[in-house]
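Student: Below is one structure. I have some questions about it.
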Amino acid sequence: MYVNKNYGFWMTFRWSYKPFLFGFLYALIISFLAYVFNLSFNLPWQPLSVIGIAVAFYLGFKNNSSYDRTWEARKIWGEIVNNSRSFGAAVCSFVSGVNSEAIKKELIYRHIAWLTALRYQLRLSKEWEHKGMRLNKLFNATVCDSYIHQLDGELLKFISQEELAKYNKITNVATQIIREQSERLQELRDQNHFEDFRHMEFHHLISEFYNGQGKSERIKTFPFPRQYASTALWLTFVFAFLVPFGMLDIFKNMAEWMYWISPLLSALVIWVFFLMEKIGDYSENPFEGTYNDVPITAISRTIEIDLREMINDEGIPEPAKAENGFLL
């Protein structure tokens with residue numbers, strides 16, 4: 001996620017310059033052919049403007065829907081933060097008896113392991129995501145390999161080798177970690193480390209973690225409907241194809257130097273529409289590891305710090321910091 005106050009203009013333009021460049025070259029060719037051969041294939045601007053309004057409304061719908069997906073993802077992870085803190089407070093206040101401090105640390109660490117597995121899984125690539133646009137040095141096209149080869153090392157910081165072995169060849173590691181947590185809580189109840197009422201509260205929090213995971217996976221595995229995404233793109237192409245002809249209608253009877261401004265204005269209009277389309281396109285998938293992601297790694301780090309401070313742990317990491325304006 002980009003965390004500076006604003007995207008700079010040139011930063012935005014570098015990200016989206018291709019529609020402007022190709023639009024300018026295309027409009028220049030149209031204007032040149034019309035000028036040299038004295039051709040009259042301009043289109044009245046009035047009906048073209050109606051098409052532009054229709055495309056703009058459709059792009060607005062797409063952008064609103066894409067923003068809803070991103071904002072929903074952020075709200076889901078806000079709930080995970082709150083429920084995680086509630087779980088940490090419950091562990092610290094509910095668990096008692098022999099070896100209670102070691103048990104508290106075990107439960108807290110297993111929860112952090114769940115967060116780690118979940119964020120790795122949410123960053124796995126899907127067919128409809130922008131695999132080539134992952135943030136350089138932060139995410140890359142080998143993120144799936146990173147999941148396979150690095151997740152075990154990350155999990156071993158919080159769970160034992162014996163427990164990790166249980167998750168070999170498991171499709172959804174995060175799900176099984178929560179299941180293991182639930183079974184461990186039942187064992188602790190049977191050993192009278194807390195009573196039934198508190199066990200029920202733990203089970204409620206486990207259910208909330210599953211809810212948060214399931215909601216995140218729903219956004220991750222169900223793309224923005226392709227018919228809407230594709231229609232917005234092709235309508236933008238159709239409008240961009242017609243724009244230079246409409247500009248010829250406006251500038252055909254003006255001074256010659258103004259006539260040659262029309263390719264530049266055409267390129268600008270084309271760029272604006274494609275920029276709106278790209279913004280919606282890159283907001284559809286809030287867990288793909290690109291510029292506008294929900295920063296689930298930083299959120300997980302915040303949760304880890306809060307929970308480990310609750311048990312007075314040592315070696316607590318620093319809060320995540322933005323790198324080149326981007327927060328993971």
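The values are calculated or read from the model by the stated rules, or taken from the named source; none is laboratory data. Remember, predicted model here, so these are calculated numbers, not experimental data. With ideal geometry, Cβ positions are generated from the backbone for all residues, glycine too; neighbour counts draw on all protein chains shown. We work out accessible area using only protein heavy atoms, side chains counted, and drop any ligands, DNA or RNA first. Shrake-Rupley method; radii C 1.70, N 1.55, O 1.52, S 1.80 Å.
Student: Show the residue pairs meeting these rules: Cβ distance below 6 Å; 6+ apart or different chains; first residue within the range 72-90 and more than 23 Å from Glu106 (Cα to Cα); second residue among the charged types (D, E, K, R) and in a helix (DSSP H, G or I).
Tutor: Once the first residue is more than 23 Å from Glu106 (Cα to Cα) and sits in the range 72-90, its partners that are among the charged types (D, E, K, R) and in a helix (DSSP H, G or I) give Ile76/Lys215.
Student: Scan Trp77, Trp71 and give me the residue that is open to solvent by 20 Å² or more (accessible area, probe 1.4 Å), part of a helix (DSSP H, G or I) and aromatic (Phe, Trp, Tyr).
Tutor: Result of the check over Trp77, Trp71: Trp71.
Student: From the list Trp114, Trp128, which residue is open to solvent by 30 Å² or more (accessible area, probe 1.4 Å) and in contact (Cβ under 8 Å) with a residue 24 or more places away in the chain?
Tutor: So the residue among Trp114, Trp128 that is open to solvent by 30 Å² or more (accessible area, probe 1.4 Å) and in contact (Cβ under 8 Å) with a residue 24 or more places away in the chain is Trp128.
Student: Scan Asn285, Asn312, Asn292 and give me the residue that is open to solvent by 60 Å² or more (accessible area, probe 1.4 Å), of a type in the set (S, T, N, Q) and part of a loop (DSSP other than H, G, I, E, B). Break it down stepwise before answering.
Tutor: Working: Asn285 fails: open to solvent by 60 Å² or more (accessible area, probe 1.4 Å); Asn292 fails: open to solvent by 60 Å² or more (accessible area, probe 1.4 Å).
Criteria check complete, one pass: Asn312.
Student: On the basis of being at pLDDT 95 or above, within 24 Å of Glu101 (Cβ to Cβ), under 24 Å from the mean Cα position of the chain (by Cα) and of a type in the set (Asp, Glu), does Glu309 make the cut?
Tutor: On the way: at pLDDT 95 or above: yes; within 24 Å of Glu101 (Cβ to Cβ): yes; under 24 Å from the mean Cα position of the chain (by Cα): no; of a type in the set (Asp, Glu): yes.
Here the answer is no, as Glu309 does not meet what is asked.
Student: Consider only pairs whose beta carbons are under 8 Å apart and that are at least six residues apart or on different chains; among these, list those whose first residue lies in the range 6-20 and is modelled with pLDDT of 85 or more and whose second residue is among the small types (Gly, Ala, Ser) and open to solvent by less than 60 Å² (accessible area, probe 1.4 Å).
Tutor: From residues that are modelled with pLDDT of 85 or more, the pairs are Pro19/Ala240; Phe20/Ala267.
Student: If Ser182 satisfies all but one of (1) at pLDDT 95 or above; (2) open to solvent by 50 Å² or more (accessible area, probe 1.4 Å), what's the number of the condition it fails?
Tutor: Unmet for Ser182, out of (1) at pLDDT 95 or above; (2) open to solvent by 50 Å² or more (accessible area, probe 1.4 Å): (2).
Listed here are the residues, each with its yes/no results for (1) under 27 Å from Leu124 (Cα atoms); (2) touching a residue at least 40 places away in the same chain (Cβ under 8 Å); (3) open to solvent by less than 20 Å² (accessible area, probe 1.4 Å); (4) not in a helix (DSSP H, G or I).
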{"position": "Pro223", "(1), (2), (3), (4)": "yes, yes, no, yes"}
{"position": "Ser230", "(1), (2), (3), (4)": "yes, no, no, no"}
{"position": "Trp234", "(1), (2), (3), (4)": "no, no, no, no"}
{"position": "Pro244", "(1), (2), (3), (4)": "no, yes, yes, no"}
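Student: Among the numbered criteria (1) assigned to a loop (DSSP other than H, G, I, E, B); (2) touching a Pro at 6+ places or on another chain (Cβ under 8 Å); (3) buried (at least 18 other Cβ atoms within 10 Å of the Cβ), which single criterion is violated by Ile270?
Tutor: Unmet for Ile270, out of (1) assigned to a loop (DSSP other than H, G, I, E, B); (2) touching a Pro at 6+ places or on another chain (Cβ under 8 Å); (3) buried (at least 18 other Cβ atoms within 10 Å of the Cβ): (1).
Student: Please work out which one of (1) of a type outside the set (A, V, I, L, M); (2) under 19 Å from Phe41 (Cα atoms); (3) assigned to a loop (DSSP other than H, G, I, E, B) is the condition Pro263 fails and give its number.
Tutor: If we test Pro263 against (1) of a type outside the set (A, V, I, L, M); (2) under 19 Å from Phe41 (Cα atoms); (3) assigned to a loop (DSSP other than H, G, I, E, B), just (3) comes out false.
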